[in-house]
1. Can you work out which of the residues in the range B:142-172 that are among the hydroxyl-bearing types (Ser, Thr, Tyr) and assigned to a helix (DSSP H, G or I) is nearest to A:Tyr419 (Cα to Cα)?
2. Buried (at least 17 other Cβ atoms within 10 Å of the Cβ), touching a residue at least 24 places away in the same chain (Cβ under 8 Å), within 14 Å of another protein chain (Cβ to nearest Cβ) and of a type outside the set (Gly, Ala, Ser): is that true of A:Leu569 in this structure?
3. Can you tell me which residues in the range B:17-33 are buried (at least 23 other Cβ atoms within 10 Å of the Cβ) and at the interface with chain A (Cβ under 10 Å from one of its Cβ atoms)?
4. Please determine whether any residue of the range B:173-191 is assigned to a loop (DSSP other than H, G, I, E, B) and within 9 Å of chain A (Cβ to nearest Cβ).
5. Picking from A:Ile172, A:Ile180, which residue would you name as being free of Cβ contacts under 8 Å to residues at least 12 places away in the same chain and either assigned to a loop (DSSP other than H, G, I, E, B) or not hydrophobic (A, V, I, L, M, F, W, C) (or both)?
6. So which pairs qualify, if the first residue must be in the range A:675-689 and within 14 Å of another protein chain (Cβ to nearest Cβ) and exposed (fewer than 15 other Cβ atoms within 10 Å of the Cβ), the second must be assigned to a helix (DSSP H, G or I) and not small (Gly, Ala, Ser), the Cβ gap must be under 9 Å, and the two must be at least 6 apart or on different chains?
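The values are calculated or read from the model by the stated rules, or taken from the named source; none is laboratory data. These figures come from a predicted structure and were not determined experimentally. FYI the Cβ positions are ideal-geometry reconstructions off the backbone, even for glycines, and counts take in every protein chain you see.
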Amino acid sequence: MPQQTSQKIRLSMRQAIALLLPYIKDRVVAQIKSVWLIILYLVFFQTFILKIAIFEASAISIGIGLVVAGLALFMEGLFLGLMRLGSLIGGGLPKRSPMIVVLGFGLVLGFLATLAEPSIQILQMAGKSVKPWEAPLLFLLLNRYSNFLVYAVGAGVGASVCLGMLRFYFSISLKPFIYISVGVLLLLTFWASLDPNLNNIIGLAWDCGGVTTGPVTVPLVLALGIGISRMVGTADSGATGFGVVTLASLLPVASVLGLGMYFSGSVPQPMSEKDFFKADNRSGIEMLFKDREALSGYVLKEAGADGRLSFFEGDSRKITQYIEELAGSRDKSRAVFGDEPYALEKWALTQGTEEQTTVFGDLNNMQKFALTYSEKNTSRIDILVLIKKNSISALKAIGLLTIPLFLVLFLLLRESLPYPDEILLGIFFCILGFATFNMGIELGLDKLGKQVGAKLPSSFKAIELTEENKTINDFDPGLVQTAVSGGGEKHQFFYVKEDGKIITVPYNPDNFDRTMRQYQYTPVKGPLFGSGSAVAGILVVILFAFIMGYGATLAEPALNALGATVEELTAGTFKKSLLMQAVAVGVGAGIAIGVLKIVLSIPLVWILLPSYALLLIITKLSTEEFVNIGWDSAGVTTGPITVPLVLAMGVGLSAQVGVVEGFGILAAASVYPILTVLLLGLYVDRKRHAALVEESSPGDVPGEEKQNEDQ
Amino acid sequence: MKINKPVSLITAYLHRNISKGVIDTLKDVGVQDLYLTSSRSLVIEVKKGIFSILPGSDLAQDPTDTIFFLANPDMEDNLISLILEKGSLHFPGRGSVMVEEILLTEGHELCRENEIKPFHMPAPSFTYPCTGICCIARRGQGNHIARISLDTGICVPSIHFGIGTGVRDKMGILRIAIPAEKEIIHSFTTPYEADSIMDMMIEAGRLDQPGSGFIYSYPVKKGLINMRVARGEQRHPASIEQIISALDHLKGNIEWRQRKPGIEKRSVRQKRYITGLVDMLLLCDDGKGTELIKAAMSAGAGGANITGLRHIRPPDSPLSEIPPARDLCSMVVPEESVEAVSMTLKNAGAFTERCHGQIHLRKIIKAFTYIGK
């Protein structure tokens, strides 16, 4: 072999580009492969099955492009930087520090990871549709005390990382941990289902568990776990280090339920809207809101007309007086409505009565204002705000985790980094990629998901297409005609000429604004298969949910990282693609069942209890290797791509179906992938055993020991 | 300190389900210092029934454990017998075991060969000298190259993962565009076929292209190799492996097995093999491999492959001082550079408490890679 010199090799620009192009291409193509299914599917479904045009299509396309680019950067950054850092710390920490320090580190890291990940915020956004009179405790936890929610979840995750590492030190199997935690959780859940307030937070609690372990936490915790378990413990096999993610998905459920139980004493019981806002109930509901202004603002913005009246002691003049007060004082109005300009005026136009509107001045002014306001209300996408918001969130998510790691590395371990340029570049890629794909999700996938989710119920009932809100100016009520149906009921309608065609629009007197002489109407999209065949429509929804879950899971970065790690640790025996397919099928099934839960209003307990019971049985039968991998895959699935889509769908469905809350789908989506992976594991194990037995002479199976499986 | 002692390197490739039993038995006879790495073995398994229409290869992959340890040469027969007996390796399909003569050159004081006290074992069932072929290829190419062993029927190959260092480390940050992950494929064949098999593997893996990989052959003193290359229904009262095994016993040697496999696949171009090389295997603590190899490269090593190992030892042994996660760095160097590389490694602290290093040398018969114009 020729002697090698140790100087650096310099490459020309052309050579460098020749090297970089296939590298970049490979990674981008890999992400396109994982994302194409879900995107095409959503577009196809809305356009061809539901036959509704996609709104804001150009923004969505750009968003999708950003998602692909962002994912490619993020995945590369994960493998290049973040996971390597995790391995280094995981391998180095047990060497220098006693067990208690390592456990403490795990606790802190788990807590920080929860604060860093944006998943809890997503749940909060989903919680905006929750009404305080229907689910007071849930409303409290999602709004005023949302910080406590985050801390509770953080404590749960911290405890799990700590426990997970303890497991490695003593080489304890994951199975007893699963039996105990799932058992306790099921008991707690069952007990919670008996109290009306706590019953409503079960969905939230289980969803929190599934949502916590996000695309930054999971690979980091995996790499740490593998690093640590290589250094400690006495297991004689190669594939250890899993199991922390499992615990991080289970323990937070208990902490959220615990938090709920702590507060359940001080919240009012669920009741009707009118009773809720009554004056003698005031002290009971005040604790649900930050302060008086917040309460008033809520009443004005979210309460129905009845509730509002009830709040102002049944006297509508009091409402008008209050509006006058607000109109007079900018500060007061800002305290109630926030910083949005003309918020009060907008409110008056959309929700105020005629009398209330005239507080603002004469009719002409208001008409002009109404015209400008009711013009096509595309949400203006402020690019700079978007970039700024996502960059900060990315820096927070990744910085909050890597900075303590670097501190530990340099202060506790005093080790230098091997290939420091790669690691730093990797972390930079992570941050850039995370910001980009979150932007892309907000611009593209989220919007798409919300649209499809809101329109989905049109497959089994008639819904209004609020984006295609139309306003008719100078409306003449004389145009309204009457039709009669078979039962003798009269339905009013009028003709509208639109796009050269004449269509009929049902007439609703409430939509006619006499002062402005405007009629607002929203087109309606009827049940897909015609009224009366809701069952076929529901089947469509379930099929849709399954494929959406399947497609979204394949795109999840954390699952990708887990699959790659499993393939690495098993020296290629268990291929990444096999694991991902198994998990994706499981998530699809879970989401389909979750959707069924919303549509048929099945209590979540009925879905969770039997599923987990079945899981425990199969866990007992499976080998340690597969139990670790299977339960971890569940924690991994619900990530930045699946969660917004599922929540959008859940919110859209529950708003149409009229359910209190749309949580719970994610919880179901977390159970079934475990089942599929464990079943796959049982099958693979059986085949291996059969192969070995085949080789030996008939009658005996020498050398093979059953205790291999339960290490 | 310098040792320069010939010892026996015993390696076993065992199916995951039987490895624990074998390791426990080895511990019982005094093997205190054992290394293990996860690997996979490949067999041909034709899909049956409805699965035959599904896409996908006809290869089945089994998880295996590759274990190896150093021992005093006078006990090598007993140890091989023990492993054969405990793992029932004379039944085809369960694994392979072999012993190589290597030179333990230098090491930390804790890192020595196992001194096994004599224990009684009947003489091993028929073992024979073989040639080992080690091929280092890019990740994703492993199955393609390993298939050659299956298609020619020589053995069940074993594949594990590693990280390659070398030219790419000199390229600054652009090195991220060159993947470092490797698959290391081990196959074993009779000395008569080794050349043809190597040729075929080079063709299959296009190892004559720059950066494609490296392949070399090394002598194995004796071993019993798993030859069950295909699984499935048998159409005869005895399997081909049983027949070969029986004939080996009857003849007392393997010379009757001479043949030239794949003669129609032989390429026209003559390959230029490199001789005069040695495989320096450096065992060190996890994470230290990269820096030690950097030092070695300055003394003439071209690069290395690093594989992660698990060190298995009894809980109360003095070896517990060594961390259980270890790196195996395999450096192929010219014979004349061995001294210089050793000295550089020593100066870099390879044999101190920091790294707990150990070097042993494996002779290379011949090697092939892209060497440039």
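1. B:Ser149
2. yes
3. B:Asn17, B:Ile18, B:Ser19, B:Val22
4. There is at least one residue in the range B:173-191 that is assigned to a loop (DSSP other than H, G, I, E, B) and within 9 Å of chain A (Cβ to nearest Cβ).
5. A:Ile172
6. What qualifies is A:His689/B:Asn17.
To keep it simple, each residue is scored yes or no on (1) in contact with a His (Cβ under 7 Å, 6 or more places away or on another chain); (2) at pLDDT 85 or above; (3) surrounded by fewer than 24 Cβ atoms within 10 Å (Cβ to Cβ).
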| position | (1), (2), (3) |
| --- | --- |
| A:Met165 | no, yes, no |
| A:Ser171 | no, no, yes |
| A:Val184 | no, yes, yes |
| A:Thr189 | no, yes, yes |
| A:Asn197 | no, no, yes |
| A:Leu204 | no, no, no |
| A:Thr213 | no, no, no |
| A:Gly225 | no, yes, no |
| A:Asp236 | no, no, yes |
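Conditions tested, residue by residue: (1) of a type in the set (A, V, I, L, M, F, W, C); (2) more than 19 Å from B:Cys155 (Cβ to Cβ); (3) without any contact (Cβ under 8 Å) to a residue 40 or more places away in the chain.
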residue	(1), (2), (3)
B:Thr37	no, no, no
B:Leu42	yes, no, no
B:Thr64	no, no, no
B:Phe91	yes, no, yes
B:Arg94	no, no, no
B:Thr105	no, yes, no
B:Ala137	yes, no, no
B:Gly140	no, yes, no
